[in-house]
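Reviewing the structure listed below.
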Amino acid sequence: MIEIRYTGDALWQRIERAVEKVKDRLRCVTRALNAANIPYAVIGGNAVQHWVAQVGESVVRNTRDVDIILNESDLDRAAG
């Protein structure tokens, strides 16, 4: 059985922090790629989230990671 450690405001704050961490990662990665003039596309959960938000706020779901696709020829520059 799973122990319930967080409830009420503490639980909501924990959820909000988790969502903010993913948003911060996405902003950090896209800023770096933009600054290096590396073309990319956001894919996966963040892309779906953006599209679904156009349809209805109530169906948006959070994601735990940031998925980016870029050209293989840009990989070394993006990693550096």
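Residue by residue, here is whether (1) touching a residue at least 12 places away in the same chain (Cβ under 8 Å); (2) of a type in the set (Phe, Trp, Tyr); (3) loosely packed, with under 10 Cβ neighbours inside 10 Å; (4) touching a helix residue (DSSP H, G or I) at 6+ places or on another chain (Cβ under 9 Å) holds:
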site: Tyr6; (1), (2), (3), (4): no, yes, no, yes
site: Asp9; (1), (2), (3), (4): no, no, yes, no
site: Asn34; (1), (2), (3), (4): no, no, no, no
site: Tyr40; (1), (2), (3), (4): yes, yes, no, yes
site: Ile43; (1), (2), (3), (4): yes, no, no, no
site: Ser58; (1), (2), (3), (4): no, no, yes, no
site: Arg61; (1), (2), (3), (4): yes, no, yes, yes
site: Glu72; (1), (2), (3), (4): no, no, yes, no
*Since Val42 meets every condition but one in (1) modelled with pLDDT of 95 or more; (2) in a helix (DSSP H, G or I); (3) aliphatic (A, V, I, L, M), which condition does it not meet?*
(2)
*Could you list, in sequence order, all residues of the stretch 16-30 that are of a type outside the set (D, E, K, R) and either within 13 Å of Asp65 (Cβ to Cβ) or without any contact (Cβ under 8 Å) to a residue 12 or more places away in the chain (or both)?*
Ala18, Val19, Val22, Leu26, Cys28, Val29
*asked:* If I filter the stretch 2-19 for residues that are of a type in the set (Asp, Glu) and in contact with a Phe, Trp or Tyr (Cβ under 9 Å, 6 or more places away or on another chain), do I get at least one hit?
replied: no
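The values are calculated or read from the model by the stated rules, or taken from the named source; none is laboratory data. What you see is a predicted model; the values in this text were computed from it and never measured. FYI the Cβ positions are ideal-geometry reconstructions off the backbone, even for glycines, and counts take in every protein chain you see.
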